[in-house]
Amino acid sequence: MHRRTWMQSLVLAVVLAFGLSACAKSEPPKPPAPAPAPVAKPEPLKVGFIYVGPVADAGWTYAHDLGRKALEAKFGDKVKTTFIESVKEGPDAERVIRDLVAQGNKVIFATSFGFGDSMEKVAKDHPEVFFEHATGYKTAPNLRNYEGRFYEDSYLAGVMAGMMTKSNVIGFVGSFPIPEVLRNINAYTLGARSVNPKVKTKVVWISTWVDPPKEAEAAQSLINQGADVLLQNTDSTAVLQTAEKNGKYAFGWDSDMSAFAPKAHLGSCALNWGPYYIKAVTDVLEKTWKVENTKWGIKEGLTEFVKVPDFVPAAAKAKVEEAKAFLVANPGAVFRGPIKDNTGKEVLAAGVVGDDKFKGEMNFYVQGVDGKVPAGK
Amino acid sequence: MNEIALLIAATLAAGTPLALAGLGLLVNERAGVVNLGAEGMMAIAAVTGFAAAFLTGSEWVGFAAGAVAGAAAASIFGWLALWLYTNQYATGLALSLFGAGFSAFVGTGFVGKNLERTAVAGIPGLRDLPFLGPALFRQHALVYLAIAIMAAIAWFFYRTRAGLVLRSVGESPESAHALGYPVRSIRMAAVLAGGALCGVSGAYLSIVYAPMWVEGMIAGRGWIALALTVFATWRPARVLLGAYLFGGVTMLQLHLQGRGVQVPLQFMSMLPYLSTVVVLVLISRDPLWIRLNMPASLGKTFHPGS
C-alpha cells in the first residue's frame, strides 16, 4: 500500500492548478521495422499505467516504470504503453483512468492502493478493458490485484543485519503503524534473530512516507542509541545516507540504492514488477486472463534482495543465500510458528504458517522488538 | 552520557534550518512585512541549491545559489506586496503554493540524484574534547554560521543606525516616510534579505541535512520558522533558542521512541504550533510586552503619499 502525504497532495494540486504537470507521456514511436511484405500488421495492444509518484523517485514508482519498460522490451511493437505519473489518489484518478480507456488502452495498471475505488468504478463501465490494481483487494470480472510479498525482502535484510551487527541493536524507520509495515518490522527482526538470537530491534515512527530531513533525523536517533544496521520502509535514500555519514550499515528499499552509500549499503530490497506485467499482458493476448489475487515474492522474482557488496563476509552471504533458498522452497513462510509477540504471548503455534488473515491484520511486535505498537492511522 | 551528547548534537543540526529561516523572516517582519511564502521560498531554494551543488560539486556554491533563488522568489512577493499593494498575507500564501509546485516542476531531473559528500570537519582542537566535542564541535559550518548571523542581526538591529531605520519602518512607516526615508525600498531590502536567509535554510536541508531533493521535502518547516518569529516575540536570540528548542523536541521525541517510551506521534508534530499559540496567548496578556516587541505596522500595506 502506498499513499501520498497531504503535503504532497497539496503540491500536486498546485502543480495541476498551474497546469505544469500530469500530462500524458508516450514513449516515442519505434522506427518502423523494414516490413518484408505489405502484410497488414495487427494493431498493438495498448497498455496504460497510472503512477502515484514521479518516475524519477528512485523508489516505488521508478520500480514500476522499470517493469513497464521490461514489458515493452519483451513484446516490442505488439504492445504500446502509456503512463501518467504523479496522479493524485482519490476522485482525480478516475478521470485519468477514464481518459486512458478513451485513448484505447485495453489493459490498465494502477500502481497505488488509493486508486482502488476509481478502478472499480471504471471497470464496471468498461467490461472490454482489463484492470490490474497493485496492492489492492477489490475484484470484479475484469478487475484483479497484484502485490509483492515485500516482507520476504525484509526477512533477508534481517538475516544480513543479524550477521553484520556488532552492537546487537538494529533499527527500523517506520512510516505508519499499519499491518504492511509491521510485517516488515517483524520479518526484519525474525530474520535477524534466526541467525543471531541476541539481536534487539528499535523502531522509530515518523508518520510520513517521504520527508527526507525527518527520515535522516529518525535514522540519526537510532544510531545515537546504538543501532548499527538500519532498515526503513520510507521512500527516500535519507536513512541509507545517514548511515553512511555515521559509518553504520543500512539497506536500500524499493529499488537498488547502492549508489547512494557505497560503504553503508548491505543490499537493496528491490521490487521487480516486469515479470508480472509480462504475465498479465500475456494473459490478455492469449485470452487466459482470469480474476486472481497475485502475491509474488522471492520465488517468482518480484521481490529481490540485490547488490550485496563484496566486503560482506562469506558467512553472512551464505546465510542470506540459505534463507533465500528456504523462501523459494516455502513462499511466504517468514511467519511460521512458533512466534511470540514481545510481551511473550504466543501468536502462532509451532508448525503453523501465518495465513493471509494473520498477515493482513498484524498489529503486534514479535519478540525482540522494543516498545509497543503505537495507536496509529 | 554519550547518548546525551549525541542528542545535543542532533538538536543543533535539526534547529539550524529553522533558525536560518526564522532569522530571515524576523528581518522582514521587523520592517513590517509578513511573508507567508517561507515554505515556497525554501522549496525553490532547496531545488536550486541542490542543482547547483550537484552540477558544480561545491556545497558553498549550492548555498549561494539557494540564497539567490530565495531572494528572487522573495522579490516577486516584494514587488506585488510593496509596489502593487496586494495583501501581504494572500500574496505570501500564493508564494508558498507556487513555490511548492514550481520546485516540483523544475526539480524532476534532480530527484534521485546523489551528491558527493564532503566530510564535516568540525572545529579542530575542540572536536576531540570529551562530551563537549561530540555534543557541540563536530557540526557543519552552517550551524556555527547561523549563530554568527543571529549575532550580526542583533547587532544590526540594536547597535546601528540602519537597523534603527529598519525597525522604525516596521513601527511607523508614515513617520519614516515623513522623515524622508524610502520606506518601500527599505522594506524591499528586508524582504530580499529574508528570502536569501530562507534560501540558505532550504539549501541546507537539501544539500547537507537530507541530503537530496524530492518534492515536498520542506514539509512544513517554513511554517514552523514563521511560528518561531512570533514564539520569539521578534527577538533574534530568542529565534535561535526557539529553533533549538523545536529541534530538540523533534529529536527527543525520536529518541524516546527508540527507547520504547510511548509518545503520541501526532501530539509531537503539533507541538511547535501549540507552543506558538500558547506564547501568543501569554504575550497578549501583557500589552506592554507586545508593544515593545511586535512591529506596530506588521502586515499593513503602506501607501506613500496617502
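Any read-out appearing in this document is the output of simple, stated calculations on the displayed coordinates, not a laboratory observation. What you see is a predicted model; the values in this text were computed from it and never measured. Here the Cβ positions follow ideal geometry from the backbone for every residue, glycine too, while neighbour counts run over all protein chains shown.
List of remarks:
- Computed over the protein assembly as shown, the ratio Rg/Rh where both radii use C-alpha atoms and Rh is Kirkwood: 1.01
- Peptide-level mean, for B:252-264, of C-beta atoms on other protein chains within 10 Å: 6
- Relative contact order (%) - criterion: Cα under 8 Å, at least six apart; region: chain A: 16 percent
- Under the combined filter of DSSP loop state and at most 11 neighbouring Cβ atoms within 10 Å, the range A:48-83 retains none of its chymotrypsin sites (Phe, Trp or Tyr not before Pro).
- Peptide ranges B:177-186, A:208-217 listed from the most packed, as the mean C-beta count within 10 angstrom indicates: A:208-217, B:177-186
- For chain B, adding -39500 (n - 2.57) for each run of n ≥ 4 DSSP H residues and dividing by the number of residues yields -23000 deg cm²/dmol at 222 nm.
- Summing Lys and Arg as +1 and Asp and Glu as -1 over all other residues whose Cβ lies under 11 Å from the Cβ of A:SER167 gives a net charge of +4.
- Shielding by partners, peptide A:259-267 (average Cβ within 10 angstrom, other chains): 1
- Simple rule: put +1 on each Lys or Arg Cβ and -1 on each Asp or Glu Cβ in the range B:2-293, find the dipole, and look at B:PHE54, B:ALA193, B:ALA13; the Cα lying farthest toward the positive end is B:ALA193.
- Sites matching GluC sites (Glu not before Pro) across the range A:75-177 that sit in DSSP coil, with at most 11 neighbouring C-beta atoms within 10 Å: A:GLU128
- In a DSSP loop and with at most 10 other Cβ atoms within 10 Å, the trypsin sites (Lys or Arg not before Pro) in the range A:313-354 are A:LYS345.
- Helix-only [θ]222 nm of chain A, DSSP H runs n ≥ 4, -39500 (n - 2.57) each, per residue, nearest 500: -11500 deg cm²/dmol
- Count Lys and Arg as plus one, Asp and Glu as minus one, and take only other residues whose Cβ is under 11 Å from that of A:GLY158; the net charge is then 0.
- The protein assembly as shown, dipole about Cα centre (Lys/Arg Cβ +1, Asp/Glu Cβ -1), debye to the nearest 20: 800 debye
- For chain A, built as a Gaussian network whose Cα springs stay under 10 Å, the top-fluctuating residue of A:PRO54, A:PRO42, A:PRO197: A:PRO42
- 14 Å beta-carbon shell around A:ASP355, net charge (K/R +1, D/E -1): +4
- Normalised contact order of the range A:202-254, rounded percent, pairs of Cα under 8 Å and 6 or more residues apart: 35 percent
- Listed peptides B:6-12, B:115-121 by packing density, highest first (mean Cβ within 10 Å): B:6-12, B:115-121
- Averaging Cα coordinates gives a centre for the range A:290-307 and one for the range B:1-62; these two points are 42 Å apart.
- Each of B:LEU256 and A:GLU322 was given a label point 7 Å from its Cα along the Cα-to-Cβ line. The distance between the two points is 4.2 nm.
- Inter-chain Cβ neighbour count for A:363-372, averaged per residue, equals 2 (cutoff 10 Å, partner chain atoms only).
- At R0 = 25 Å, FRET efficiency that the Cβ-Cβ distance of B:LEU179 and B:ALA90 yields, to 0.05: 0.25
- Exposure proxy ranking, count of Cβ atoms within 10 Å, fewest first, for A:ASP341, A:ASP254: A:ASP341, A:ASP254
- The packing ranking, built from the mean of other Cβ atoms within 10 Å per residue, places the peptides B:154-165, B:88-99, B:220-231 in the order B:220-231, B:88-99, B:154-165, highest first.
- As a proxy for reagent exposure, ranking B:SER103, A:SER255, A:SER167 by other Cβ atoms within 10 Å from fewest up yields A:SER167, A:SER255, B:SER103.
- Ordering A:ALA161, A:VAL101, A:ALA219 by Cα displacement along the dipole of the protein assembly as shown toward the positive end leaves A:ALA219 in first place; charges were set at the Cβ atoms of Lys, Arg (+1) and Asp, Glu (-1).
- Kirkwood Rh and Cα Rg combined as Rg/Rh, the range B:1-87: 1.10
- Placing unit charges on the Cβ atoms only, positive for Lys and Arg and negative for Asp and Glu, gives chain A a dipole magnitude near 460 debye about its Cα centre.
- Estimated translational D of the range B:2-293 in µm²/s (Stokes, Kirkwood radius over Cα pairs; 10 °C; 1.306 mPa s): 81 µm²/s
- Our summary gives the range B:2-293 a relative contact order of 36 percent, counting only alpha carbon pairs under 8 angstrom and 6 or more residues apart.
- Just so you know, the Rg over Rh for chain A is 0.99, from Cα atoms, with Rh as the Kirkwood radius.
- Ranked B:CYS198, A:CYS269, criterion: other C-beta atoms within 10 Å, fewest first: A:CYS269, B:CYS198
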